[in-house]
Amino acid sequence: MQPTLYLSHGSPMLALQDHPARHFIAGLGATLERPDAIVVISAHWESDVPTVNAVDVNETIHDFYGFPPALYALNYPAPGSPDLAARVVDLLGDAGLRAGIDTRRGLDHGAWTPLLLMWPEHTIPVVQLSIQSRLGPGHHVQLGRALSELRKENVLVLASGSFTHNLRAISRHLGDGPSPEWVTAFADWMHEALMNGRTCDLVSYRRLAPYAVENHPTDEHLLPLFVALGAAGEGAKPTRIHQSTDLGILRMDAYRFD
């Protein structure tokens, strides 16, 4: 049975830069049983209702500006899977969630960056599922739970976001020095809640976690975590499989749920 994963993808430059998180993700694929297909949930595709892309070959979306030309030269033309997209829609429908299909959209950088590092040969079929920020964490746990059957079908549910994500604060922090207390306090609270199975507290993190709004002025980069948590099923055990920081502000933590 496949685990579910939550990875912090950080800056688009993660695909090229020398950083501990890049090296970790680049080695992660080799530690997993090769999946037959992947459902990826990225912070960078939001829609009113859950939507799955159903294409024959995924376009590589360079959804960023002002980066070096080498980054725009990267492509990840993984095959799509209209059949898996239809399966996802059916599972969501069985759970009472109305869902749609997009027959043109490809993979944004939150999706293709970790996949490019994990399986650069781009031969595993991939479909992407959107998030709904306005509906909050509880909705995304429900979304994940609807997908839990896929684990038994050798389909990997891979969620991609950022454990902390306040880009405006980067300019107030000097380089890669020690993280400020408001970052570490939040990350420590989230980790402890995950390790102790406090799902209700996690769903209410914006009210309960220290410095929640400082770390996530908007929470789209944390919502994929709740999909991974839900898709792992009741009683799943989390493991923190990576911990690092980029620019002192962006926690690059990653979790596996079994």
Got the relative contact order for segment 4-257 handy, in percent, Cα pairs under 8 Å and 6 or more residues apart?
31
Mind giving me the FRET efficiency for SER133 and ALA95? R0 is 22 Å, r the Cβ-Cβ distance, nearest 0.05 is fine.
0.70
Among THR60, LEU247, ALA169, which residue has its Cα positioned farthest towards the positive end of the charge dipole of the chain, with +1 placed on the Cβ of Lys and Arg, -1 on the Cβ of Asp and Glu, and the dipole taken about the Cα centre?
ALA169
Highest mean first, what order results for 232-240, 69-77, 4-12 on Cβ atoms within 10 Å?
4-12, 232-240, 69-77
Work out the FRET efficiency for VAL49 and ASP18 from their Cβ-Cβ distance, taking R0 = 51 Å, and round it to the nearest 0.05.
0.80
Extension gain, THR31 back to ALA73 (0.36 nm per residue minus Cα-Cα distance, nm)
12.3 nm
If each DSSP helix of 4+ residues adds -39,500 (n - 2.57) and the sum is divided by the residues in the chain, what number results at 222 nm, nearest 500 deg cm²/dmol?
-9000 deg cm²/dmol
Just one of [x] 0.93; [y] 1.09; [z] 1.19 is Cα Rg over 2.2 N^0.38 Å calculated from these coordinates, so which is it?
[x]
Can you tell me, using C-alpha contacts under 8 Å and at least 6 residues apart, the relative contact order of segment 138-258 as a whole percent?
43
Dipole moment magnitude, nearest 20 debye, the chain about Cα centre, only Lys, Arg, Asp, Glu C-beta charged
320
Length released on extending from ARG104 to ALA86, taking residue separation times 0.36 nm less the Cα-Cα span
5.0 nm
What do you get for trypsin sites (Lys or Arg not before Pro) in segment 80-163 restricted to DSSP loop and a cutoff of at most 12 other Cβ within 10 Å of the site's Cβ?
ARG98, ARG104
For the chain, the charge dipole (Cβ of Lys, Arg +1; Cβ of Asp, Glu -1; about the Cα centre) points to a positive end, and the Cα of ASN215, ALA85, VAL126 closest to that extreme belongs to ASN215
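Computed from the coordinates by the stated procedures, all read-outs in this text should not be read as laboratory data. In this text, all values refer to a predicted model and were calculated from it rather than measured experimentally. Quick reminder, even Gly has a Cβ in these numbers, built from the backbone with ideal geometry, and neighbours come from all protein chains shown.
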